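Some notes on the structure that comes next.
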Amino acid sequence: MCMTHAEPHQKQRLAFALWGPRTASLLVLLFLGLILEVLVASGIADPSIVAAPSEMLMSLERLFTKDNLGAAFLITLAQALSATFLAMLIGLPLGWTLFRYEVLGRAYRGWLAAMFAAPLVLLYPLFLVIIGRNYGTTITMGVITGSIPVALYTCEALHKVSPTLLKVGAAFNLTARQTFTLIQVPAAVPDAFTGIRLGLIYSLVNIIGIEFLIDFGGLGRVVSTMFFRYDIPGMYAAIFFIILISLLFLTVLKKVERWLRPV
Amino acid sequence: MTATLEVRNVSKTFESDNGDRIQALAPANLGVKQGEFLSIIGPSGCGKSTLFNIIGGMIPPDSGEVIVNGVSVSGPHKDIGMVFQEESTFPWRTVLDNVAFSLEVAGMEKKERLEKARHFVELVGLTGFEHHFPHQLSGGMRQRTAIARTLASEPRILLMDEPFGALDEQTRLLLGDKLLKICDALKQTTMLITHNITEAVQLSDRVAVMSYRPGTIMRTIDIELPRPRDSELISTDKFAGYVGRIWEDLRMEADRGMKAAGEA
Ligand SMILES: Nc1ncnc2c1ncn2[C@@H]1O[C@H](COP(=O)(O)OP(=O)(O)OP(=O)(O)O)[C@@H](O)[C@H]1O
Ligand SMILES: [Mg+2]
């Protein structure tokens, strides 16, 4: 009796716990948008610097039909995915090497961590000169920024493998190779994937940033085009779209990560 | 074919990073006969896991030797199966795939190994949970998965380090019953490490009592209770007598352990 009473109540609480924060953050966004709208409409905010949210949303359609925002998205996506793929080809073996050869690990992990924190985007003029204003430069920057977290997290993940699991392997008389493929690799997958997720996000961000800086490629170029056209609502619309895409990326990757690391 | 185990003058001293030396094992001597169930009991921190790891070939002893079937060994031995004190199931494998692990390594065909693994899953009472992952199980069920995984490799000598350490008393007794049945069926030589006196008496042919650090075997006590046994045994006077005797031996050592911990 008591249980049946409590259940719907608990379900409500659960629903609130799940939807409450989302609704709350959505409301805050709507509220901030409303304030911005009022500020621009009343002339307090200069419309040549800030676009009214309503105008921004309306230019989104124009961006798709006239300025090929959809194609730009696919171009950036293709670059980010190929950059991440290459970052994995470099980062995974590099992470393993730093794990396997302790001297190398001790010597270079600090460097990698420092590079992870550095604004590597500033290197772009160098590649612009060497490679030119083409996909080579954008993808190279994506690969460099992406492979650092992949290598760091892979190395960390291999170090973190439970010594007890390794003992289980030893107790079953596994060879070094069997221990690697049957225990170390599967145990390291969830943490290494965190590095791959970060690598993908980093290369995406850097590729878009460089597209903007060199006015070339996909999404970043659209922002830069709008900027040079003094199309302020269009520019904000493109930025808004990029934020949406990033959120989508993040959500999907988090889902995959949760699936890899059941608690 | 015999499966005997002998520990001769095995000692071990650990050195910590700041240079402190901890003598975990004073020279310890011990023999386990073919088909015998021997328990090692001792206060926490007396070097039980250290002894376990040395016998299993996980760490080398400073002195002395481990003799399996009359031959001195160093490193892991194919006749020895180990169940560890810490969490040791593979979280990325289901119960069935965990249990089939050693068979898979040995190259057994999939159908055959799963069939065999199912048998051991049943033996530890996990039927119905074959396709669960470890995180979907209770601690006791995970430990039983680990036991089944080791049993599936059919070791002639089974070493277990407090496999029921983290369990409540009721579950521990029931699992003890299961283990008794399994050992009666498989008849392997078994060494169980525990700090639970009831468990030691319930399961063993012989109980070895260890002293506090540096650990050494103080005394071994033959448990002359009829087999097959089950947990009903624990309400008998004879059982209580054994528990009392072992507790007497242990009390002093446990006391020393507490005092040492207090000073540290
Ligand atoms: N790798 C190690 N390095 C340094 N000291 C260690 C190491 N392993 C164990 N020791 C020390 O050796 C002593 C014995 O440890 P051990 O794990 O064998 O005890 P135990 O009897 O298994 O204890 P418990 O019942 O709590 O599991 C402890 O004081 C411990 O701190
Ligand atoms: Mg221990």
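Some notes on this structure:
- Mean shadow area of segment A:57-260 over all directions, Cα convex hull, nm²: 13.0
- q = 0.13 Å⁻¹, segment B:49-171: log10 I(q)/I(0) [Debye, one scatterer per Cα]: -0.55
- Most mobile of B:Gly215, B:Gly165, B:Gly128 in a GNM of chain B (Cα contacts under 10 Å): B:Gly128
- B:Ser72 contributes an accessible area of around 70 Å² to the protein surface, as traced by a 1.4 Å probe with all chains present.
- Among A:Gly132, A:Gly234, A:Gly146, residue whose mean-square fluctuation peaks in a GNM of chain A (springs only between Cα atoms under 10 Å): A:Gly132
- Taking all protein chains together and rolling a 1.4 Å probe, A:Glu55 ends up with roughly 90 Å² accessible.
- With both labels modelled 7 Å from their Cα along Cα-to-Cβ, the B:Asn9 to B:His135 distance reads 5.1 nm.
- Exposure rank, largest accessible area first [B:Asp62, B:Asp237; 1.4 Å]: B:Asp237, B:Asp62
- One chain, two ends: B:Asp62 and B:Met218. Fully extended at 0.36 nm per residue, the span grows by 54.1 nm beyond their Cα-Cα distance.
- Buried surface between chains A and B: roughly 1600 Å² of accessible area, summed over both sides, computed with a 1.4 Å probe on protein heavy atoms only.
- Cβ charges +1 (Lys, Arg) and -1 (Asp, Glu), total dipole of the protein assembly as shown, debye: 680
- Look at the alpha carbon pairs under 8 Å that are at least 6 residues apart: their mean separation over the length of chain B gives a relative contact order of 26 percent.
- Counting only other chain Cβ atoms within 10 Å of each residue's Cβ, the peptide B:87-95 averages 4.
- Histogrammed with a bin width of 5 Å, the alpha carbon distances of segment B:128-183 distribute as 4, 16, 29, 26, 19, 6, 0 percent, first bin at zero.
- Taking 7 Å steps out from each Cα toward its Cβ at A:Val38 and B:Val71 produces label points 8.7 nm apart.
- Among B:Phe37, B:Phe101, B:Phe14: highest mean-square fluctuation, GNM of chain B, C-alpha pairs under 10 Å: B:Phe14
- Proximity of backbone amide H atoms, modeled 1.01 Å from N, is registered between B:Asn29 and B:Asn9, B:Ile217 at under 5 Å, excluding neighbours fewer than 5 places apart on the same chain.
- Other-chain or far-sequence residues with amide H under 5 Å of B:Glu162's (modelled H): B:Ile193, B:Thr194
- Over chain B, the reciprocal of the mean inverse Cα-Cα separation, the Kirkwood hydrodynamic radius, stands at 19.1 Å.
- Relative to the longest principal axis of the Cα atoms of chain B, helix B:237-263 runs at roughly 70 degrees.
- Projecting the Cα atoms of A:Phe116, A:Gly20, A:Pro47 onto the charge dipole of chain A (Cβ charges, centred on the Cα centre) puts A:Phe116 farthest toward the positive pole.
- The candidates B:His132, B:His119, arranged from most to least accessible area with a 1.4 Å probe in the full protein assembly, appear as B:His119, B:His132.
- Between helix A:185-214 and chain A there is an angle of about 30 degrees, using the helix long axis and the longest principal axis of the Cα atoms.
- Computed label-point distance, nm, for sites A:Leu27 and B:Asn29 using a 7 Å Cα→Cβ extension: 7.9
- On Cα atoms only, tilt of A:102-117 relative to the major axis of chain A in degrees: 10
- Per residue, segment A:202-263 exposes an accessible area of 53 Å² to a 1.4 Å probe, with every protein chain left in place.
- With every protein chain in place, segment A:139-199: carbon and sulfur % of accessible area (1.4 Å): 64
- In segment B:97-139, the residues whose accessible area drops by at least 50 square angstrom when the other protein chains are added to the isolated chain are B:Phe101, B:Val105, B:His135; the probe is 1.4 Å and only protein heavy atoms count.
- For segment A:222-230, 3J(HN,Hα) per residue [Karplus equation, 6.51 cos²θ - 1.76 cosθ + 1.60, θ = phi - 60°, Hz, x = Gly/Pro]: 4, 4, 5, 4, 4, 5, 5, 7, 6
- For B:Arg206, the residues 5 or more places off, or on other chains, whose built amide H falls under 5 Å of its own are B:Phe37, B:Ser39, B:Ile223.
- Average 1/r across all pairs of distinct alpha carbons in the protein assembly as shown, invert it, and you get the Kirkwood radius: 28.1 Å.
- From phi via Karplus (6.51, -1.76, 1.60), per-residue ³J(HN,Hα) for segment A:119-130 in Hz, x at Gly/Pro: x, 5, 4, 5, 6, 4, x, 4, 6, 4, 6, 6
- Per-residue SASA remark: B:Lys259, around 130 Å² accessible (1.4 Å probe; ligands, DNA and RNA not included).
- Our coupling estimate for segment A:77-91, obtained by passing each phi through the Karplus curve with A = 6.51, B = -1.76, C = 1.60 and θ = phi - 60°, is 4, 4, 5, 4, 5, 5, 4, 5, 4, 5, 4, 5, 4, 8, x Hz, Gly and Pro reported as x.
- For the listed residue pairs A:Lys167/B:Lys12; B:Lys116/B:Lys181; B:Lys116/B:Lys187; A:Lys160/B:Lys111; A:Lys167/A:Lys255, the alpha carbons are over 23 angstrom apart in A:Lys160/B:Lys111; A:Lys167/A:Lys255.
- Segment A:193-236: chymotrypsin sites (Phe, Trp or Tyr not before Pro) falling in loop per DSSP and having at most 16 other Cβ within 10 Å: A:Tyr230
- Each part gets one Cα centre, and for segment B:144-197 versus segment B:228-264 those centres are 19 Å apart.
The values are calculated or read from the model by the stated rules, or taken from the named source; none is laboratory data. What you are looking at is a predicted structure, and each value in this text was computed from that prediction instead of being measured. FYI the Cβ positions are ideal-geometry reconstructions off the backbone, even for glycines, and counts take in every protein chain you see. Quick note on the areas: whole protein, heavy atoms, side chains included, nothing else; ligands and nucleic acids left out. Shrake-Rupley method; radii C 1.70, N 1.55, O 1.52, S 1.80 Å.
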